[in-house]
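Inspection log for the structure reproduced underneath, given as structure tokens.
The values are calculated or read from the model by the stated rules, or taken from the named source; none is laboratory data. It should be emphasised that the depicted structure is a prediction, and the values quoted were computed from it without experimental measurement. Glycine gets a Cβ as well: all are built from the backbone with ideal geometry, and neighbour counts include every protein chain shown. Surface accessibility is based on the protein's heavy atoms, side chains included, excluding ligands, DNA and RNA. Shrake-Rupley method; radii C 1.70, N 1.55, O 1.52, S 1.80 Å.
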Amino acid sequence: MRVDSDLREMRSVLKGQLADWVSSRFPDGTSPQWWLSIFESLEVSASPFREVTPDRRTEDLNLAVEAILLAVKLGGVRAAIGAYWMLRIAALALRFDHPVSGIPQILTPDGSAEWALHQIPLTRERAIAESETRRDEYLNGGEGFYAPVGGEVTLTGEVAFSELQDVELILSALPWVCSHVKDKGIEREIRSWLEIQGDL
């Protein structure tokens with residue numbers, strides 16, 4: 001399988017040189033599906049249920065962070081997808097009886113939550129307003145509401161996701177780390193978003 005061989009190659013790439021490898025491997029760019037396959041493979045590999053060495057687990061967690069950040073930077077995945085996966089990998093790192101050593105700050109509960117909060121594309125007020133508009137469209141039977149699952153189809157046939165959907169995706173993942181966040185400011189920001197989640 002191509003993703004398996006790609007992942008083997010990625011593991012041998014020196015830290016900080018992943019962007020060069022991706023651009024030479026995929027001169028025409030990568031698909032979101034490829035990035036998601038890489039994230040999923042790294043998540044499975046680093047799972048506490050897999051018998052791998054602590055060093056391999058740390059390497060895979062670090063590679064997951066580098067891949068997520070690069071995918072967002074290159075536009076390979078939307079920032080909300082990156083935030084969702086960063087929170088997901090951070091939550092995975094919390095599942096070990098003993099803390100995993102050698103992981104970057106962004107993979108801690110505080111680091112992943114802070115980064116994810118910065119990827120939210122709307123203010124709370126705007127998210128609520130857009131949610132009300134969407135609700136009105138549904139109640140009035142507007143065609144826009146009945147777009148394919150996941151977003152609206154553009155003229156090029158691609159699915160366009162709304163900023164509100166991105167907000168909802170990030171909010172769905174924040175609870176995975178919220179109870180472990182130590183910084184009170186970050187915790188307050190998370191809770192202020194989660195308080196409006198039911199209104200969206």
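A few comments on the model shown:
- Qualifying positions in region 4-26 - among the hydrophobic types (A, V, I, L, M, F, W, C), farther than 17 Å from LEU61 by Cα and at pLDDT below 95: PHE26
- Residues being more than 17 Å from GLN119 (Cα to Cα) and surrounded by 15 or more Cβ atoms within 10 Å (Cβ to Cβ) - total across region 167-182: 2
- Pair list, Cβ < 7 Å and 6+ apart or interchain, from region 91-120 residues that are of a type in the set (Asp, Glu) to residues that are part of a helix (DSSP H, G or I): ASP110/ILE186; GLU114/ILE186
- Residue selected from region 103-134 under the condition of a type in the set (A, V, I, L, M) and farther than 21 Å from SER179 by Cα, by the criterion least open to solvent (accessible area, probe 1.4 Å): ALA127
- With respect to the conditions (1) surrounded by fewer than 16 Cβ atoms within 10 Å (Cβ to Cβ); (2) at pLDDT below 95, LEU164 lacks only one, and its number is (1).
- For PHE145, the criteria (1) open to solvent by 40 Å² or more (accessible area, probe 1.4 Å); (2) at pLDDT 90 or above; (3) of a type outside the set (D, E, K, R); (4) not in a loop (DSSP other than H, G, I, E, B) hold in every case but one, which is (2).
- Evaluation of ARG188 against the conditions (1) assigned to a helix (DSSP H, G or I); (2) open to solvent by 90 Å² or more (accessible area, probe 1.4 Å); (3) modelled with pLDDT under 95 shows that the sole unmet condition is (3).
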